[in-house]
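The block underneath contains the structure these notes are about, expressed in structure tokens.
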Number of protein chains: 2
Amino acid sequence: MTKKLTIYDIARLAGVSKSTVSRVLTNNASVDPATAQHVRQVMEEHDFVPNFHASAIKGKSPFIGVIVPVLSWDLMSDLLLGLSRAIEASPFEIVLFTCNPAKGYRDILDRILATRMTAGLLVVPFAPVPTELITLYQDGMPVVLIDIVSWRVDLPSVSDDNVGGALAAVNHLLQLGHRRIAYVQGPAELPCYQERYQGYCMALRNAGLEPDSRLFFSGHDLDFNGQAAIEEIVKLPPSVRPTAIFTTSDMSACGVLTSSEEHGIHVPKDLALVSYNDMHLAAHTRPALTTVRQPFQDMGRRAAEMLLSLLNTSDSIHSLNIELPTQLIIRDSCGSSLTV
Amino acid sequence: MTKKLTIYDIARLAGVSKSTVSRVLTNNASVDPATAQHVRQVMEEHDFVPNFHASAIKGKSPFIGVIVPVLSWDLMSDLLLGLSRAIEASPFEIVLFTCNPAKGYRDILDRILATRMTAGLLVVPFAPVPTELITLYQDGMPVVLIDIVSWRVDLPSVSDDNVGGALAAVNHLLQLGHRRIAYVQGPAELPCYQERYQGYCMALRNAGLEPDSRLFFSGHDLDFNGQAAIEEIVKLPPSVRPTAIFTTSDMSACGVLTSSEEHGIHVPKDLALVSYNDMHLAAHTRPALTTVRQPFQDMGRRAAEMLLSLLNTSDSIHSLNIELPTQLIIRDSCGSSLTV
DNA sequence: CTGAAAGCGCTTACAG
DNA sequence: CTGAAAGCGCTTACAG
């Protein structure tokens, strides 16, 4: 194994002291531009890369911690993709922590806190943000939340516009002439669903309509939700039966599709459907889903950029909160092309 | 910020020297069981976690590097999931490197090599395994390949059974009575496709059939592939036209589905379809795909376990190669339930 | 089995 | 602007 060079070797080769080499490495102290240039060249020639761990022990860590819940959701990869692209271009590396939602992130935060392992943290919270994280932030560790659930907390964050997304979705159905639009959501305790419901109500009211509680469906199991909604809907008297349905997640939409098929209900002819997420599968269901695209890749990128800037400026910027717009992707399930 | 404890503090609290504390930390030297127990208890009481970076500078790194190509493929998350579960239970953390396939992994490997940043490496190769990696391994850095492309190289690896998977897929179609089975694959230079083709041929020959070159389709763009195959197939004279099609990736199957629909070809009635991968969307297309499930989560887990054991035994185990079985998931696209 | 001491590769006041 | 020196928190021969 080729002997590893140290700053001492570089110092010797460049004819300076290792203090100077270290200074050009951290470039936070004044070094004569000419010597700096020379040192840099020597490092280049010898493919010198400083030992991360040695730097980290006194200086700052070269790692950015990324804490995500379930990796098995395809949109999580989009998020990781966006964020890793942004970090790739920086001198930092990504340390990935997956968090068993059941266990919570206390363990992980303790470890990070105790070991000063990371310079900053990018976290995708899946439960109310724990006070440990806030403490950590107040103590000087830069943290940026990628908040897809919309937990409100006084920390820098990137989120997406749930109200606006739902508004656009329901407006689209209204424009197609639908008046009775059912609403299906996941666990009611999650703020993102509350916000999407707000958007739904707002759209209806703007059109002079009132939400009908018989058309409201909520439940924990997304997969199952949509199916359950259809089971209820078919029992409704024709006069109150919806002609359209807004599912606040694509998994629910899949349930709606499955169950509709079983009941001989044709989507979109008999029932128009607009969904939420734009998971990869949304383009491949039959009919393909008209759905609100959440900008996960962008959210990842923006969050990483925010963290990187927090890392660069020693003065702690006050809590930034960026909310990214969503986009309605029109495919086949809403029957846009049909006359309703 | 609560003052960080060091082994010196623990030593003082436990009434021993920091050498002893360090020894129980690394537990690779003889320490009196009673004192070890006592020290451990003191650490426990004070929530002591050693500084990773400090350990890493002399001892071994607490990081396992994971190098993956595109994160945007949903099965990649399954892989990460399996591997992170296994590593979670260990004292190691995951450092994630995403590799722009265009750039290749030379840069990354150089960095890892130069900085001794990781104790071991889990890599998902997307291009022929570079010699740097082999050198790294020979120089003592444990490496395990998660080889979904089936690059053959003398390194510990976990892969899946391409020949067997294809064999099962085509056998299933043969059992349903199909005699003319088309074959669609991705880039021919990838060994995994060559192996799947072997399985395809093997199944046909076992049934006394010969592969027909007019039913062979290969191309780089998976998405497009399936569509292109259908375009060709419809031009074929009825006598040679296939009654079934085996696509070696789910993306191609999506293309087949789309294009079939356009041509009024009903899957599975007019054309039975068996695919490969079992991506998440496979269950949600219409018809849902009968497809060969690749055991990505298991592959991740097994690879991590192998690496962990490599990390524990100082004597380098000779190149282990595990090949995991695939499983044919029967859904609707093959028309199992129909009489052909 | 255990301490005192030297050292890992880097950073950072402290002088100049 | 730059060196010599002390130090980060841990590990590991070296004695005992």
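The values are calculated or read from the model by the stated rules, or taken from the named source; none is laboratory data. Since the structure is predicted, the reported quantities are computational estimates derived from the model, not experimental observations. With ideal geometry, Cβ positions are generated from the backbone for all residues, glycine too; neighbour counts draw on all protein chains shown.
Quick notes
- Any hit, the stretch B:74-91, residues being under 30 Å from A:Thr135 (Cα atoms), within 16 Å of DNA strand C (Cβ to nearest atom) and out of contact with any Pro (no Cβ under 9 Å at 6 or more places or on another chain): no
- Single residue of the stretch A:37-51 satisfying the filter (within 12 Å of DNA strand C (Cβ to nearest atom) and outside any loop (DSSP other than H, G, I, E, B)) that is surrounded by the most Cβ atoms within 10 Å (Cβ to Cβ): A:Val39
- Of the strands (runs of 3 or more DSSP E) lying entirely inside the stretch A:52-167, those containing at least 1 residues that are modelled with pLDDT of 80 or more and away from chain B (no Cβ under 14 Å) span A:120-123, A:143-147, A:157-160.
- Every test in (1) under 23 Å from the mean Cα position of the chain (by Cα); (2) in the same structural domain as A:Gln227 (by TED's automatic domain parsing); (3) among the β-branched types (Val, Ile, Thr) is passed by A:Val256 save one, and that test is (1).
- Selected residue (only one of B:Ser213, B:Ser218, B:Ser260 is closer than 21 Å to B:Leu281 by Cβ and hydroxyl-bearing (Ser, Thr, Tyr)): B:Ser260
- Picking from residues in the stretch A:113-136 that are over 16 Å from A:Val68 (Cα atoms) and hydroxyl-bearing (Ser, Thr, Tyr), the one that is surrounded by the fewest Cβ atoms within 10 Å (Cβ to Cβ) is A:Thr131.
- Within the stretch A:37-58, the set of residues being within 12 Å of DNA strand D (Cβ to nearest atom), of a type outside the set (Ser, Thr, Tyr) and under 20 Å from B:Ile112 (Cβ atoms) comprises A:Asn51, A:His53, A:Ala54, A:Ala56, A:Ile57.
- Looking only at residues in the stretch B:168-184 that are in a helix (DSSP H, G or I) and in contact with a Cys (Cβ under 8 Å, 6 or more places away or on another chain), the one that is farthest from B:Ile322 (Cα to Cα) is B:Leu173.
For every residue, the table says whether it meets (1) at pLDDT below 90; (2) aromatic (Phe, Trp, Tyr); (3) more than 39 Å from the chain's Cα centre (by Cα); (4) farther than 22 Å from A:Ser61 by Cβ.
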| residue | (1), (2), (3), (4) |
| --- | --- |
| B:Ala14 | no, no, yes, yes |
| B:Asn27 | yes, no, no, yes |
| B:Val31 | yes, no, yes, yes |
| B:Ala34 | yes, no, yes, yes |
| B:His38 | no, no, yes, yes |
| B:Val49 | yes, no, no, no |
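- Among residues of the stretch A:22-36 being part of a helix (DSSP H, G or I), away from every other protein chain (no Cβ under 14 Å) and more than 8 Å from DNA strand D (Cβ to nearest atom), the one that is surrounded by the fewest Cβ atoms within 10 Å (Cβ to Cβ) is A:Thr26.
- Verdict on B:Ser55 being closer than 28 Å to A:Asp139 by Cα, within 11 Å of DNA strand C (Cβ to nearest atom), outside the structural domain of B:Phe126 (by TED's automatic domain parsing) and not hydrophobic (A, V, I, L, M, F, W, C): yes
- Restricting B:Asp139, B:Asp110, B:Asp147, B:Asp154 to those that are over 12 Å from B:Leu307 (Cα atoms) and surrounded by 18 or more Cβ atoms within 10 Å (Cβ to Cβ) reduces the list to B:Asp147.
- In the stretch B:1-17, of all residues being away from chain A (no Cβ under 12 Å) and surrounded by fewer than 16 Cβ atoms within 10 Å (Cβ to Cβ), the one that is nearest to DNA strand C (Cβ to nearest atom) corresponds to B:Ser17.
- Residue-level check: of (1) touching a Pro at 6+ places or on another chain (Cβ under 8 Å); (2) free of Cβ contacts under 8 Å to residues at least 40 places away in the same chain, A:His263 misses just (1).
- Test: residue in the stretch B:149-168 that is more than 25 Å from A:His46 (Cβ to Cβ) and aromatic (Phe, Trp, Tyr): yes
- The set of residues in the stretch B:1-21 that are assigned to a helix (DSSP H, G or I) and near DNA strand D (Cβ under 10 Å from one of its atoms) comprises B:Ile7, B:Tyr8, B:Asp9, B:Ile10, B:Ala11, B:Lys18, B:Ser19, B:Thr20, B:Val21.
- Every pair of residues 6+ apart whose Cβ atoms lie under 6 Å, when the first sits in the stretch B:174-198 and is of a type in the set (D, E, K, R) while the second is assigned to a helix (DSSP H, G or I): B:Glu195/B:Asn162; B:Glu195/B:Val163; B:Arg196/B:Asn162; B:Arg196/B:Ala166
- In the set (1) in contact with a His (Cβ under 9 Å, 6 or more places away or on another chain); (2) part of a helix (DSSP H, G or I); (3) not charged (D, E, K, R), B:Pro187 fails one condition alone, (2).
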